[in-house]
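The values are calculated or read from the model by the stated rules, or taken from the named source; none is laboratory data. These figures come from a predicted structure and were not determined experimentally. Because the Cβ atoms are built from the backbone with ideal geometry, glycine has one as well, and the counts that use them run over all protein chains shown.
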Amino acid sequence: MGGISVRNNAEKLAEDIGRLLKEKKATLAIAESCTGGLVTKRLTDVPGSSDVLDRGAVTYSNRAKAEMLGVPPELIRGHGAVSAEVARAMAAGLRERSGADLCLAITGIAGPTGGTADKPVGTVHIALADAGGVWERRYLFARAERTWVRDLTAQAALEVIRRRVLGLDELAR
């Protein structure tokens, strides 16, 4: 079979991100929920990643989002843990606590359970905070099984970082 696998593309993307961050002398911090540390793992698979990766946190529970990132519990109750509002608060809270130049946050429903009509399995929010503000984008990886939702989310997150470092993309404010 031809083509590039998600895994090979992720390795190249992680290498590119490390190089770009080093060139810009920028640091990165990550808060992951549904990916369970997968984005951080992909970045730390690259030798020298400690030069740019400040920290990675798996904030899977609502309590962890509140305690570690400062997400207000009423925000989670009002919008749900998987929401644009919570993703933005995760990224902003991580930036405030870490001081990293770029802070990425991921929250989503990997499945196979937990989805609703409004937020089906595969719904993911990725947010990024930097000196310019906080951006967020919603993704829907419909009908994908759990491993694929996580892999696709991690890949999308790496691409968000790459594009932001290159100045190519702004997520929705």
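Below, the figures for the structure above:
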| item | result |
| --- | --- |
| Lone qualifier among ALA91, ALA66, ALA29, ALA10 - being closer than 22 Å to PHE141 by Cβ, modelled with pLDDT of 95 or more and of a type in the set (Gly, Ala, Ser) | ALA91 |
| Single residue of THR59, THR35, THR44 found to be within 26 Å of LYS12 (Cβ to Cβ), among the polar types (S, T, N, Q) and either at pLDDT below 95 or buried (at least 22 other Cβ atoms within 10 Å of the Cβ) (or both) | THR35 |
| Residue within the stretch 59-80 that is within 22 Å of ARG162 (Cα to Cα), outside any helix (DSSP H, G or I) and free of Cβ contacts under 8 Å to residues at least 60 places away in the same chain present | no |
| From the options ALA156, ALA110, residue that is small (Gly, Ala, Ser) and surrounded by 22 or more Cβ atoms within 10 Å (Cβ to Cβ) | ALA110 |
| Count of the stretch 16-45 residues which are among the charged types (D, E, K, R), out of contact with any Asp or Glu (no Cβ under 9 Å at 6 or more places or on another chain) and more than 21 Å from ALA64 (Cβ to Cβ) | 3 |
| Pair list, Cβ under 6 Å, 6 or more apart: the stretch 119-140 residue farther than 11 Å from ALA105 by Cβ and touching a residue at least 24 places away in the same chain (Cβ under 8 Å), other residue among the aromatic types (Phe, Trp, Tyr) and surrounded by 20 or more Cβ atoms within 10 Å (Cβ to Cβ) | GLY122/PHE141 |
